[in-house]
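Only one structure is covered here, and it is reproduced in the block below.
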Amino acid sequence: FFLSTGSTLCSYELQPSEYTTDPRAAKLCPNYPVPESAPIPFFHRCAPVNISCYAKFAEALITFVSDSSVLHRLISGVMTSKEIILGLCLLSLVLSMILMVIIRYISRVLVWILTILVILGSLGGTGVLWWLYAKQRISASAVETQIAKDNRQALLVYAISATVFTVVLFLIMLIMRKRVALTIALFHVAGKVFIHLPLLVFQPFWTFFVLALFWTYWIAVLLFLGTTGSPVPNEEGFVEFQMVGPLKYMWWYHVVGLVWISEFILACQQMTVAGAVVTYYFTREKRNLPFTPILASVNRLVCYHLGTVAKGSFIITLVKIPRMILMYIHTQLKGKENACARCMLKACICCLWCLEKCLTYLNQNAYTATAINSTNFCTSAKDAFVILVENALRVAAINTVGDFMLFLGKVLIVCSTGLAGIMLLNYQRDYTIWVLPLIIVCLFAFLVAHCFLSIYEMVVDVLFLCFAIDTKYNDGSPGREFYMDKVLMEFVENSRKSMKEAGRGGGAEGRELKPM
């Protein structure tokens, strides 16, 4: 600094030539303007040693939050209602467990119970929202806090949204009312599956645990990649770590690995569930089931079917990566592209999304076919596709309605938790904003319900394919007996009788039952 500017910063008793050699320089010269740092192992970065640097950062963050009035009110609302939020989250977990118990023991009437409860819950929730809005509108005074006005406005938005949702839900249920009865038999058998295979309930938790471990590993490797390279001095004399050679392209490899292995883990869950349910379905004497069908299915997966799962997940990756690239391009070009380019991008993204969903459904059925026949992925996918095409009307009538009923179960849990949250948080409307706490509770309730009921949905899909294969190769005659449960046999007999009556009498009901 002295050589370039001629300015003497140290004490005059110290000569400039002694600035870097004399041990007195530490006392006679000022401290460096850069805080003392220490290197972080492996990451080629330095971090301040003095803890006060982090304290200043935290202070700046707190100041930012305090200066933002809206953010401050939202965070204070969450902190004020934290006990209620925890209680409602626990309530959603309990409701999900109760719903699983109901599915196991009263599956015959579950569909109608869910339908009635959702109707009552939708009407009740909508009515309560409008009642609370009208009550606050009438009791509003001339001098009113801003928090109370925001809560009343939020109630109006909630009430209108609930009304639209209720009307749409009623229309869908009105259209599908004739097909609801077709799912009762599969629901009943699925309830028996959970009685014999209770460990199925915990599959989402194991899958989430494995995914969390993999994502942690992926983030750690990402940090290593972001700080890798060789030290190279730049034009200003500072040292930079620059990636050269193949390291430049490791980012793409790492991103593809994230998508592929995530899909691989989810596919392993599907194969495990399919193997356990197939073992249950095609075992005539349920007393002869393995001690732990889930572990037996995992053992078969590891020993024989990892290649099948890897190929199926790789196909999904080949579709998902281009869709993600197109979404990134669409985000980067937002507001810059013309209307035609924007429409084409959205159309391509939509087509790839639809293709991905179709392939995911076909893969799931291919895993079931693999669990039944122990064939490779391509053969299993072909067999599953043929079965699904031959039973296209059954897929539309049974599988879709079953998924819709499980969706109603999720709606019931979310509505019940949300309604309880509205009633509890309504007592705090004058001194806290409860929009964010209610959103947090509803999102958590939906995630919990989805974790529990997604396995039930998967079991119903596997049972349907087993049922279709059973009815294709067996007819109940001696030597070709059905493997299916008695409830499904009664369902088949009732369908045959309905077809005969439809053939004699015709009419709308006959056409409705003819696909069976």
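Identify all residues within the range 9-45 that are open to solvent by less than 100 Å² (accessible area, probe 1.4 Å) and touching a Pro at 6+ places or on another chain (Cβ under 9 Å); write none if there are none.
C10, P35, S37, A38, H44, listed by residue number.
Filter the range 289-325 for residues that are small (G, A, S) and open to solvent by less than 20 Å² (accessible area, probe 1.4 Å); which is nearest to S380 (Cα to Cα)?
Ranking the candidates gives G312 first.
Note down all Cβ pairs under 8 Å where the first residue falls in the range 208-235 and is farther than 27 Å from E263 by Cα, the second is open to solvent by 50 Å² or more (accessible area, probe 1.4 Å) and assigned to a helix (DSSP H, G or I), and they're at least six residues apart or on different chains.
Matching pairs, first to second residue: T228/L247; G229/L247.
Can you tell which of Y304, Y328, Y280 is among the aromatic types (F, W, Y), in contact with a Lys or Arg (Cβ under 8 Å, 6 or more places away or on another chain) and farther than 20 Å from L388 by Cα?
The conditions single out Y280.
Can you name every residue in the range 46-55 that is part of a helix (DSSP H, G or I) and surrounded by 12 or more Cβ atoms within 10 Å (Cβ to Cβ)?
The answer is C53, and nothing else.
One line per residue, one yes/no per condition, for (1) in contact with a Ser or Thr (Cβ under 7 Å, 6 or more places away or on another chain); (2) at pLDDT below 80; (3) of a type outside the set (D, E):
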{"position": "Q15", "(1), (2), (3)": "no, no, yes"}
{"position": "R24", "(1), (2), (3)": "no, no, yes"}
{"position": "F42", "(1), (2), (3)": "no, yes, yes"}
{"position": "Y54", "(1), (2), (3)": "no, yes, yes"}
{"position": "F57", "(1), (2), (3)": "no, yes, yes"}
{"position": "S76", "(1), (2), (3)": "yes, yes, yes"}
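Of everything in the range 377-394, what is open to solvent by less than 20 Å² (accessible area, probe 1.4 Å) and over 14 Å from D461 (Cα atoms)? Give them in sequence order.
If the condition is that a residue be open to solvent by less than 20 Å² (accessible area, probe 1.4 Å) and over 14 Å from D461 (Cα atoms), then F377, S380, A381 are the ones that fit.
What tally of residues in the range 1-26 results from selecting those that are within 60 Å of the chain's Cα centre (by Cα) and assigned to a helix (DSSP H, G or I)?
Qualifying residue count for the region: 1.
If I go through the range 1-52 residue by residue, how many of them are closer than 23 Å to P231 by Cβ and in contact with a Phe, Trp or Tyr (Cβ under 6 Å, 6 or more places away or on another chain)?
Of the residues in the range 1-52, 1 are closer than 23 Å to P231 by Cβ and in contact with a Phe, Trp or Tyr (Cβ under 6 Å, 6 or more places away or on another chain).
Which one of L211, L247 is open to solvent by less than 40 Å² (accessible area, probe 1.4 Å), farther than 28 Å from I102 by Cα and out of contact with any His (no Cβ under 8 Å at 6 or more places or on another chain)?
After ruling out the rest, the residue left standing is L211.
For V221, are the conditions met, namely being open to solvent by 80 Å² or more (accessible area, probe 1.4 Å) and over 30 Å from P293 (Cα atoms)?
no
Under the condition of being in a loop (DSSP other than H, G, I, E, B) and not β-branched (V, I, T), which residue from the range 259-288 is most open to solvent (accessible area, probe 1.4 Å)?
R284
I'm told L326 meets every condition in (1) in contact with a Cys (Cβ under 8 Å, 6 or more places away or on another chain); (2) hydrophobic (A, V, I, L, M, F, W, C); (3) within 26 Å of Y473 (Cα to Cα) except one. Can you identify the failing condition by its number?
All conditions are met except number (3).
The values are calculated or read from the model by the stated rules, or taken from the named source; none is laboratory data. Quick caveat: nothing in here was measured; it's all calculated off a predicted structure. Don't worry about glycine lacking a Cβ; one is built from the backbone with ideal geometry, like all the others, and counts go over all protein chains shown. Remember, those area values only see protein heavy atoms, side chains included, never the ligands or the DNA or RNA. Shrake-Rupley method; radii C 1.70, N 1.55, O 1.52, S 1.80 Å.
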